[in-house]
1. Within segment 81-126, restricting attention to residues that are closer than 28 Å to Leu58 by Cα and among the hydroxyl-bearing types (Ser, Thr, Tyr), which residue is modelled with the lowest pLDDT?
2. So Phe114 fits all but one of (1) among the aromatic types (Phe, Trp, Tyr); (2) touching a residue at least 60 places away in the same chain (Cβ under 8 Å); (3) surrounded by fewer than 16 Cβ atoms within 10 Å (Cβ to Cβ); what number is the exception?
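The values are calculated or read from the model by the stated rules, or taken from the named source; none is laboratory data. For clarity, every value in this text was computed on a predicted model and none was experimentally measured. As a convention, Cβ positions derive from the backbone with ideal geometry for all residues, glycine included, and neighbour counts pool all protein chains shown.
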Amino acid sequence: MISGLMQYEFLQNAFLTGMIIGVIAPLLGVFIVVRRLSLIADALSHVTLAGIAASLLLEKKFLFFSGLNPLYMGMAFSVGGSLFIEKLRTVYKHYQELAIPIILSGGIGLGVIFISLADGFNTDLFSYLFGSVSAVSRTDLWTILVISLLVIALVVMLYKELFLLSFDEEYARATGIAAKTLHFIFIIMVALVIAASMRIVGILLVSSLMTLPVAASIRFAKGFKQTIFFSILFGEISVLGGLFLSYYLDLAPGGTIVLIAVLILVLAIWFKKRASARSI
């Protein structure tokens with residue numbers, strides 16, 4: 001694969017995109033897990049699927065949309081879904097968790113309708129569902145790079161506020177933090193990262209990359225910053241290892257990445273149990 005990276009642009013795009021996704025997905029995943037919002041990634045990924053299906057439908061039915069990158073409409077739907085989640089959280093103040101399954105169900109329904117109108121699945125849609133190394137273009141790479149820089153900058157600038165909001169929302173509000181605005185910014189970031197990650201991991205598996213490395217890091221980390229560090233480390237190992245194995249074994253990159261993340265989690269649990277047994 002090293003020689004291929006020197007020769008083929010699509011491998012360079014996939015490798016660089018994977019490295020970026022391996023950082024920003026677990027980075028936001030830490031805040032998602034701590035805030036007990038793990039299902040939000042699944043909900044927004046299904047909304048993104050609806051956007052991708054809508055884009056491919058328009059491309060098939062109308063010549064005007066033939067040059068439209070489905071990534072952009074996927075992002076638009078994902079951001080729209082995040083806004084609806086926020087709206088529903090205000091409607092169901094005492095049952096805010098209802099917002100996530102409502103949006104998830106709506107995303108699946110829209111996706112199925114758009115797919116049926118397009119007369120079923122095609123190769124492009126499958127590449128978005130399960131990830132594809134060859135599908136990552138240079139335009140996708142630059143788009144994902146811009147999103148990642150924006151997300152990292154916002155996390156660095158708002159780290160203290162996000163930290164407080166994640167662990168104690170009531171105290172954060174009491175200290176004067178604009179919790180509603182901050183949560184709005186956070187959920188928009190999650191939507192953009194999910195849409196950006198789908199090229200490599202696939203829409204149906206992107207939530208795994210945001211949660212599995214975090215679940216593994218929790219077994220080792222002794223603090224919040226350590227959790228972020230180990231999450232990014234495990235995320236990078238999963239993505240890069242998955243890309244290498246999928247290239248040599250001719251496997252779907254998304255599934256390979258997720259399986260490596262699962263293996264890391266199992267090993268983390270095993271090592272932690274073994275270390276606990278020794279200390280007794």
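1. Looking at residues that are closer than 28 Å to Leu58 by Cα and among the hydroxyl-bearing types (Ser, Thr, Tyr), I get Thr123.
2. Result: Phe114 fails condition (3) only.
To keep it simple, each residue is scored yes or no on (1) touching a residue at least 12 places away in the same chain (Cβ under 8 Å); (2) more than 19 Å from Arg36 (Cα to Cα).
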{"position": "Phe62", "(1), (2)": "no, yes"}
{"position": "Leu71", "(1), (2)": "yes, yes"}
{"position": "Gly80", "(1), (2)": "yes, yes"}
{"position": "Tyr92", "(1), (2)": "no, no"}
{"position": "Pro101", "(1), (2)": "yes, no"}
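Yes/no matrix, rows are residues, columns are (1) surrounded by fewer than 19 Cβ atoms within 10 Å (Cβ to Cβ); (2) among the hydroxyl-bearing types (Ser, Thr, Tyr):
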| position | (1), (2) |
| --- | --- |
| Ser197 | no, yes |
| Val201 | no, no |
| Gly223 | yes, no |
| Ser231 | no, yes |
| Leu243 | no, no |
| Leu251 | yes, no |
| Ile269 | yes, no |
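Yes or no, residue by residue, for (1) charged (D, E, K, R); (2) touching a Gly at 6+ places or on another chain (Cβ under 7 Å); (3) without any contact (Cβ under 8 Å) to a residue 40 or more places away in the chain:
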site	(1), (2), (3)
Ile194	no, no, no
Ile203	no, no, no
Ser231	no, yes, no
Gly241	no, no, yes
Val262	no, no, no
Val266	no, no, yes
